[in-house]
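One structure is given here, and the rest of the page talks about it.
What follows is calculated from the coordinates using simple rules that are stated; it is not laboratory data. Quick caveat, the model's predicted, so the values are computed rather than measured. Cβ coordinates were reconstructed from backbone atoms using ideal geometry, including for glycine residues, and neighbour counts include every protein chain displayed.
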Amino acid sequence: MAKISKAYSRILVILLALLGFSCKSENGFDRPIAYGTPNATFKAKGVVVSETNDTPIEGIRAVLKAAWGIDTVYTDNKGGFNLKSMNFDFYEKLYVELSDVDGEENGLFTDMDIEADYSKETFKGGDKKWYRGEAEKDLGIIKMEAKE
């Protein structure tokens, strides 16, 4: 009985070894299918000005909302902001939330959300695996409405 068990074990080991080495990738490449999530780096920049007199607004909080992380910055003295966040690469639209958080210091402005559409942006620097690269969206001049 022990000899039969050893014989079956050896045959099984040989068959499994042959099957393991003969497996071909299902994705058509010479490398196995990888696990993970496709991702990319998204950048957004813009300039925030007052709707009434086109002057830059300093101290506006800009938030790039993303699934993996949220980047928050405040506009500089020229009203400019630069955001950067990593996210799933299949998102084509992200949102930049602009909020007046400094009170009356630079005037009072109504909060707003700006859509950043990355569907036509070119991604650069990807690794042709999971990382698609980085894309930058220039939102241009954004006019915030003053609160009454």
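Tell me, which longest segment in the chain has none of the trypsin sites (Lys or Arg not before Pro) that fall in DSSP loops with at most 15 further Cβ atoms within 10 Å? Working shown, then result.
Details: sites that count: 24, 78, 120, 128, 129, 147.
That gives 25-77 as the longest site-free run.
Per 0.36 nm of contour for each residue apart, how much would the distance between residue 17 and residue 117 grow if the chain were fully extended, relative to their Cα-Cα spacing? Mind dumping the intermediate values first?
On the way: separation 100, 0.36 × 100 = 36.00 nm, distance 4.98 nm.
Answer, rounded to one decimal: 31.0 nm.
If you take every residue apart from residue 71 with its C-beta less than 12 Å away from the C-beta of residue 71, what net charge results, scoring Lys and Arg +1 and Asp and Glu -1? All intermediate terms of the calculation are to be shown ahead of the outcome.
Details: positive: 43, 45, 61, 65, 84; negative: 97.
Cβ neighbours under 12 Å give a net charge of +4.
Where is the GNM fluctuation largest for the chain (alpha-carbon springs, 10 angstrom cutoff): 99, 50, 119?
119
If the limit is 22 Å between Cα atoms, which of 45/78; 45/147; 65/147; 43/93; 65/128; 45/128 go over it? Mind dumping the intermediate values first?
On the way: 45/78 13 Å; 45/147 24 Å; 65/147 24 Å; 43/93 12 Å; 65/128 25 Å; 45/128 26 Å.
45/147; 65/147; 65/128; 45/128, as the Cα separations exceed 22 Å there.
So, R0 is 35 Å and r is the distance between the beta-carbons of residue 51 and residue 91; what FRET efficiency does that work out to, to 0.05? Intermediate values should be presented prior to the final figure.
Details: r = 29 Å, r/R0 = 0.83.
Working from the Cβ atoms, E equals 0.75.
Using label points projected 7 Å from each Cα along Cα→Cβ, tell me how many nm separate residue 102 and residue 77, to one decimal.
1.1 nm
Which percent, nearest 5, of DSSP beta bridges in the chain are antiparallel? Could the numbers behind the result be given before it?
Working: 29 of 40 bridges.
Percentage antiparallel, nearest 5: 70.
Between helix 2-22 and the chain, what is the angle of the helix's C-alpha long axis to the longest principal axis, kept within 0 to 90° and rounded to the nearest 10?
Once rounded, one gets 40 degrees.
Have a look at 15, 108, 83 and tell me which one the Gaussian network model of the chain (Cα, springs below 10 Å) gives the largest fluctuation.
The residue that fluctuates most here is 15.
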